[in-house]
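Below you'll find the structure, written out as structure tokens, and then a few comments.
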Amino acid sequence: MENQPETTVRVHRRIIIFPLPLQGHINPMLQLANLLYSKGFSITILHTNFNAPKISNYPHFTFISVLDNGPENEHFSKSSLIEFAHKFIFKQEGADELRVQLERLLASGKDEPVSCLITDALWHFTQSVADSLNLPRLVLRTTSVYSTIVYSSIPLLDDRGYFTLDQSHWEEHVEEFPLLKVKDILKMGIKSIKDPYAELIGDMVKQAKASSGIIWNSFKELEETELQRVQIDFSIPRFLFPFPKYFAASSSSLLEQDRTVFPWLDQQLPKSVLYVSFGSISQVKEEEYLEIAHGLVNSKQPFLWVVRPGLVTGSTWLESLPDGFPGEKGRVVEWAPQQEVLAHEATGAFWTHGGWNSTLESVCEGVAMICSPFLGDQPLDARFISQVLRIGVYLENGLQREEISNAIRRVMVDEEGKEIRDRARAWKQKANVSIIKGGSSTESIESLVNYISSF
Ligand code: UDX
């Protein structure tokens, strides 16, 4: 795993890359950009000022700011996120501006022709812009292949009435996706096919299918069955490989990562620490926050907890925690170098919200998980982790201290936990094998490079 690509022979072709400006989308897109750079392509990143990437960490890329005129580097303020999402993500304003920018780039690329545009799948309006310029567009879908299938079945799930079922049906299995319970579908956050979020997903799916190819941060062995199934709906070229195995996500972190965690981790016993983080957008209520704190202490395991400013609604940071917390066994930080923490030998398990980047980072480091999904694809990931891969447990009844400490002990202490942890280590091995010469991920990258070179 690298932070920056080594300089290689340049192929004198340029790829234009347009990430969605949210942490969980920026990280995989910049990992992908580094990977393509390492294959000889020149890279231009289109970015918004809202959540702008740390340009100084990427001296090998060209950056162009597009769409918004907000103040630079405005990170994670809830009001600015809502404003941005409303205008650019939900309404997808900006097609004309993007077309002008792309025309300029295509015209200026005589020595280094532009091969293609790669955007986050959620930037669906970019497909018609790319079509109008005869520019091939590939999409990066930042979720799993499995979630992609479920998301493309939202109209079917709506037809069958799942989104309006009441609590008495929560524990029932979804006929079309037997792995899922009704409550998982409801947790995705869709109320009806007509709500703006569902419309956004619908447009994303439609324009991804119209694109020249789709890329996932995953690997063949991890989602073999799902890959068979997705090809029915997505009959476009498909590529997948585990991004964290090639480049760390840390250089695109929008928040400062607290590196003082390492001297603390160095003092802990091997595989003894529970790392806890719920990603970049999840929020908990104050009651849940206290349940988490008590659950952690009651588990009697050392823990490293990321309490991102804004994680707790109505609270700035730690002020509502009980006196004496975190005690001798715990450490709380605002933001951590997550991938390196997962790779540290003291880390024994990861309590996660099941965001797909976190999931893949954990799989790549062979770390077992406890999943507390909040929204979107996270409940689907939680089922996949706990029931398909069987490398974690799903805390599916909310956040209660007793269930929390039981789950921690199940994964970190009990006999059952040993099997879960062994399986997690085996998946790391499979990811490693996929990236060697002749491995499935290596082949997928080669075919992506050949495909882009053919444009
Ligand atoms: C969301 C969705 O949950 C995810 O499934 C989707 O694919 C992208 O959008 P997010 O909730 O932020 O993303 O979670 P996740 O996908 O796990 O991404 C979080 C990223 O932040 C990871 O790359 C992780 O390494 C990084 N991180 C997290 C840190 O660098 N430090 C931290 O302390 C916590």
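Derivation of every value follows stated rules applied to the coordinates shown; laboratory data play no part. The shown structure was predicted, so the numbers you read here are calculated from the model rather than taken from an experiment. No Cβ is skipped: glycine too gets one built from the backbone with ideal geometry, and neighbour counts run over all protein chains shown.
Could you line up 60, 294 from fewest to most neighbouring Cβ atoms inside 10 Å?
60, 294
For the pair residue 128/residue 91, report the inter-label distance in nm, with labels modelled 7 Å from Cα in the Cβ direction.
Distance between label points: 1.5 nm.
Treating only the Cβ atoms of Lys and Arg (+1) and Asp and Glu (-1) as charged, compute the dipole magnitude of the chain about its Cα centre; round to the nearest 20 debye.
Result for the chain is approximately 1040 debye, rounded to the nearest 20.
Starting with the fewest neighbours, write out 145, 11, 100 ranked by other beta-carbon atoms found within 10 Å of each beta-carbon.
Ordered from fewest to most neighbouring Cβ atoms within 10 Å, 145, 11, 100 come out as 100, 11, 145.
What do you get for the angle between helix 356-365 and the principal long axis of the chain? Use alpha-carbon atoms, 0 to 90 degrees, nearest ten.
The helix 356-365 is inclined about 70 degrees to the chain.
Given Cβ point charges of +1 (Lys, Arg) and -1 (Asp, Glu) and nothing else, what value in debye, to the nearest 20, does the dipole of the range 312-386 about its Cα centre take?
Dipole size: approximately 200 debye.
Could you tell me how many degrees, from 0 to 90 and to the nearest 10, lie between the Cα long axis of helix 286-299 and the main elongation axis, the longest principal axis, of the Cα atoms of the chain?
Helix 286-299 sits at roughly 60 degrees to that axis.
Taking the Cα atoms only, what angle lies between the long axis of helix 95-108 and the longest principal axis of the chain, rounded to 10 degrees?
With both axes taken from Cα atoms, the answer is about 60 degrees.
Tell me, what does the Kirkwood hydrodynamic radius of the chain come to in angstroms if you use every pair of distinct C-alpha atoms?
22.6 Å
Relative to the present Cα-Cα distance, how much length would full extension add between residue 60 and residue 390 at 0.36 nm per residue of separation?
Fully extending the segment from residue 60 to residue 390 adds 114.8 nm.
Per 0.36 nm of contour for each residue apart, how much would the distance between residue 319 and residue 454 grow if the chain were fully extended, relative to their Cα-Cα spacing?
The span from residue 319 to residue 454 would gain 42.9 nm if fully extended.
Only bridges whose two residues both fall in the chain count here: according to DSSP, what percent of them are antiparallel, nearest 5?
Restricted to the chain, the bridges split so that about 5 percent are antiparallel.
With +1 assigned to the C-beta of every Lys and Arg and -1 to the C-beta of every Asp and Glu, and no other charges, what is the dipole magnitude of the range 258-432 about the Cα centre in debye, to the nearest 20?
540 debye
Positive end of the dipole of the chain, charges at C-beta (+1 Lys, Arg; -1 Asp, Glu), about the Cα centre: which of 318, 244, 304 has its Cα farthest in that direction?
Of 318, 244, 304, it is 244.
Calculate, for residue 255 and residue 433, the FRET efficiency according to 1/(1 + (r/R0)^6) with r their C-beta to C-beta distance and R0 45 Å; round to the nearest 0.05.
According to the calculation, E is roughly 0.85.
For residue 447 and residue 9, what does the FRET efficiency come to when R0 = 25 Å and r is the distance between their Cβ atoms, rounded to the nearest 0.05?
Result of the calculation: an efficiency of 0.80.
Apply 1/(1 + (r/R0)^6) to the Cβ-Cβ distance of residue 416 and residue 225, taking R0 = 35 Å, and write down the FRET efficiency to the nearest 0.05.
Step by step, r from the Cβ atoms, then E = 0.90.
At a 10 Å Cβ-Cβ cut-off, how would you order 193, 370, fewest neighbours first?
193, 370
Which length gain, in nm to one decimal place, applies between residue 103 and residue 288 when the Cα-Cα distance is subtracted from 0.36 nm times their residue separation?
In short, 61.6 nm is gained.
Between 52, 41, 344, whose Cα lies farthest towards the positive end of the dipole of the chain when Lys and Arg beta carbons carry +1 and Asp and Glu beta carbons carry -1, centred on the Cα centre?
41
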